[in-house]
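So the structure is just underneath, and the comments pick up after that.
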Amino acid sequence: MNPVMFIAGEASGDSHAAAVIRALGGRVPVFGVGGPKMEAAGMELLFDLTEHAVVGFIEVLKNYGKFKGFFEQLLGEVGKRQPSAVVLVDFPGFNLRFAKAVKRRYPQTKVIYYISPQLWAWHASRAEQMERDVDLLLTIFPFEKAWYATRAPRLPVAFVGHPLAEQPPAAGERQAQTILLLPGSREREVAKLWPVMSRVVDLLPGEVKFVAAAVNEPMAQMMRHPRVEVEVGTAREWMQRASLAITASGTATMECAFAGCPMIVVYKVNWLTYLIGRLLIQVKWLAMPNVIAGRSIVPELIQHAARPESVAKLAGELLQDAGARAAMQGALAGVVNSLGGPGASARAAELIWEKIQ
């Protein structure tokens, strides 16, 4: 049987793709790009694409030449290895273009997209491209299937559930007066948000304990402060133990939701990126728990609002208000309950397997 190619470009995609690869159980050879978790799951890793993750329109433009080289290299691998399917995991700026190129050059290759690009938030017109270039879309949010049904009716879409539902439920008691800092998984995110979070530490009283979770050692080196314990790879454990998280917008907001961790969402990007985003983004919120709930259940302090003084004031209030934290946890539980139970990775793997038979 011809192999299956996977492409993931961010730490979260590496984790979710790895779970699908494990669920495939070695029934088909797997190669591609992603990160160390996909390699550990049994994929032949051509190179680590997650090391090069960037965020924002301007940042992508600055790295255009590098990503164009990756793009051509991977397209060449499709031609050389003739995979039965290419499984694209999130990472829309790269993967939507790759889907189009594969369908034009190698139309016999199945294109499967796992974790839908958030077109409903920023680029609804691309649904037509998805309909043309994708053979199967596997979504992790239930509302996405209905959204595509009206905008891309010929696109096969299956809701498989959210992969974070597979992590163990929250256990044990939360540590009082403990704040988890999550400044992001990309170097540029950390560079933008850590100065804000570091100043928040300075503004809050000495009895507050701070833990920062880094995705790797280079990121950890960027996150130094005398009052902060910096750990690598323990984010999910601390989401189950902290009183409160101050987190970048992104996958971490859903991870906190599944862990039942109250949170404050902060985000800052290049100003031009922010202005362009304001023109394109079509939803009221950035944090997925708020998007899914259709209301503001976790506070968002974005761009100019993400001032250390504002974040510290809000964090201090939440630490002192157990009722507000409990209400937030209840609302987050409602979001989680709407996303289906465990088994997303196994369901995704079975649908991929059926498609390549």
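The values are calculated or read from the model by the stated rules, or taken from the named source; none is laboratory data. Predicted model, so just to flag it, every value in this text is computed and none were measured. For neighbour counting, all protein chains shown are included, and Cβ atoms are generated from backbone atoms with ideal geometry for every residue, glycine included.
From the list Leu61, Leu49, which one is touching a strand residue (DSSP E or B) at 6+ places or on another chain (Cβ under 6 Å), hydrophobic (A, V, I, L, M, F, W, C), over 23 Å from Lys355 (Cα atoms) and modelled with pLDDT under 95?
Leu49 is the lone residue from the list that is touching a strand residue (DSSP E or B) at 6+ places or on another chain (Cβ under 6 Å), hydrophobic (A, V, I, L, M, F, W, C), over 23 Å from Lys355 (Cα atoms) and modelled with pLDDT under 95.
Taking into account only those residues within the range 300-331 that are over 28 Å from Pro195 (Cα atoms) and hydrophobic (A, V, I, L, M, F, W, C), which is surrounded by the most Cβ atoms within 10 Å (Cβ to Cβ)?
Ala331
Mind listing whichever residues of the range 239-268 are buried (at least 22 other Cβ atoms within 10 Å of the Cβ) and either in contact with a Gly (Cβ under 7 Å, 6 or more places away or on another chain) or outside the structural domain of Asn290 (by TED's automatic domain parsing) (or both)?
Passing the criteria: Ala248, Gly250.
Under 8 Å by Cβ, and 6 or more places apart or on different chains, what pairs join a residue from the range 334-357 that is of a type in the set (Val, Ile, Thr) with one that is part of a helix (DSSP H, G or I) and surrounded by fewer than 20 Cβ atoms within 10 Å (Cβ to Cβ)?
Val335/Ala293; Val336/Ala165
Evaluate the following for Ile297: is it outside the structural domain of Val89 (by TED's automatic domain parsing) and surrounded by 20 or more Cβ atoms within 10 Å (Cβ to Cβ)?
Yes, satisfied.
Suppose we keep only residues that are outside any loop (DSSP other than H, G, I, E, B) and in contact with a Pro (Cβ under 9 Å, 6 or more places away or on another chain) within the range 96-112. Which one would you say is nearest to Ala349 (Cα to Cα)?
Top of the filtered list is Lys110.
Regarding the range 305-325, can at least one residue be identified that is under 20 Å from Trp285 (Cα atoms) and modelled with pLDDT under 95?
Yes, that holds for at least one residue.
Name the strands (runs of 3 or more DSSP E) wholly inside the range 145-238 in which the number of residues that are under 28 Å from His16 (Cβ atoms), assigned by TED's automatic domain parsing to the domain that holds Glu51 and of a type in the set (Asp, Glu) is 3 or more.
Ranges flagged: none.
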